[in-house]
Amino acid sequence: MTATILYAALALVLVFWTVGAHKRFTALRLQCRTAFAQLHPLLRLRHDVVPGLVETLRAYLRDQREVLEMVIQACNAAIDAHAAVGLNPLNRGAMEKLGAAEERLDAALAGMFRVAQQFPEMRTDAHVKELLDRLSDAQSRAGFAWQLYQEAAGHYQAARRQFPGSIIAFLFGFKAAGALPARSLQRHAGRSTKQE
């Protein structure tokens with residue numbers, strides 16, 4: 001009889017622990033999704049500004065068509081990768097492709113800005129200044145949101161790896177969150193695009 005009570009108590013503790021661990025994973029997964037939902041419109045804003053900026057700079061960079069095309073191609077690849085992720089940052093492969101596409105866009109933009117530095121008359125164009133400010137703001141805000149997502153994903157991943165929580169994560173199908181490259185948009189947090 002005493003053994004039965006002891007087993008029942010242990011089973012009850014195990015049930016309560018399992019429910020608590022499941023709630024914790026659910027909350028951490030929700031934090032990942034919420035953090036990405038904050039990043040999602042900022043990436044879209046960044047992607048929306050780039051084509052207008054390229055079209056405006058086309059007048060100044062007539063001889064640099066391949067640089068401008070590289071930026072447009074990188075932006076289109078980032079838009080496609082962003083669409084593939086949707087609002088589900090738990091799609092690890094899609095998140096890795098998004099991170100790689102954003103890094104390619106960063107590199108293409110940096111190349112375009114290096115070339116654009118050779119045209120001082122461009123700096124006095126009010127429309128160019130406005131677009132650069134919009135891009136800088138979008139990149140800075142996206143950089144901070146990117147950091148928040150990385151932090152949320154890191155906590156979720158750490159909880160998934162820790163024993164005995166890893167058993168609960170496996171049993172209840174809590175999949176790994178996709179990590180984003182640390183070098184990408186994070187470097188824009190607090191920096192102006194014009195400094196590139």
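Computed values, structure above
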| item | result |
| --- | --- |
| Any hit, region 172-193, residues being modelled with pLDDT of 85 or more, within 12 Å of the chain's Cα centre (by Cα) and either surrounded by fewer than 16 Cβ atoms within 10 Å (Cβ to Cβ) or among the hydrophobic types (A, V, I, L, M, F, W, C) (or both) | no |
| Long-range neighbours under 9 Å by Cβ, at least six apart or interchain, first residue within 13 Å of T26 (Cα to Cα) within region 141-159, second among the aromatic types (F, W, Y) and assigned to a helix (DSSP H, G or I) | A152/F36; A153/F36; Y156/F25; A159/F25 |
| Unique match (being under 17 Å from H127 (Cβ atoms) and either modelled with pLDDT under 95 or aliphatic (A, V, I, L, M) (or both)) among L30, L42, L53 | L53 |
| Per-region count, region 48-87, residues aliphatic (A, V, I, L, M) and over 16 Å from L105 (Cα atoms) | 6 |
| Condition met for R24 (charged (D, E, K, R), surrounded by 13 or more Cβ atoms within 10 Å (Cβ to Cβ), in a helix (DSSP H, G or I) and in contact with a helix residue (DSSP H, G or I) (Cβ under 6 Å, 6 or more places away or on another chain)) | no |
| Members of region 108-129 found to be loosely packed, with under 14 Cβ neighbours inside 10 Å, closer than 23 Å to L43 by Cα and not basic (K, R), listed by number | A110, H127 |
| Residue list for region 37-94, restricted to those being without any contact (Cβ under 8 Å) to a residue 40 or more places away in the chain, of a type in the set (A, V, I, L, M, F, W, C), over 17 Å from Y149 (Cβ atoms) and in a helix (DSSP H, G or I) | I72, A74, C75, A77, I79, A83 |
| Meets criteria (closer than 13 Å to C32 by Cα and under 13 Å from the mean Cα position of the chain (by Cα)) for A153 | yes |
| Cβ-Cβ under 9 Å pairs, at least 6 apart or on other chains, region 102-122 side closer than 9 Å to V71 by Cα, far side assigned to a helix (DSSP H, G or I) and among the hydroxyl-bearing types (S, T, Y) | L109/T193 |
| Selection from region 127-140 of residues that are over 20 Å from H82 (Cβ atoms) and free of Cβ contacts under 8 Å to residues at least 40 places away in the same chain | K129, E130, D133 |
| R141 surrounded by 19 or more Cβ atoms within 10 Å (Cβ to Cβ) and at pLDDT 90 or above | yes |
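The values are calculated or read from the model by the stated rules, or taken from the named source; none is laboratory data. Not measured: the values here are computed from a predicted model. Counting neighbours? That spans all protein chains shown, and the Cβs are built from the backbone with ideal geometry, glycine included.
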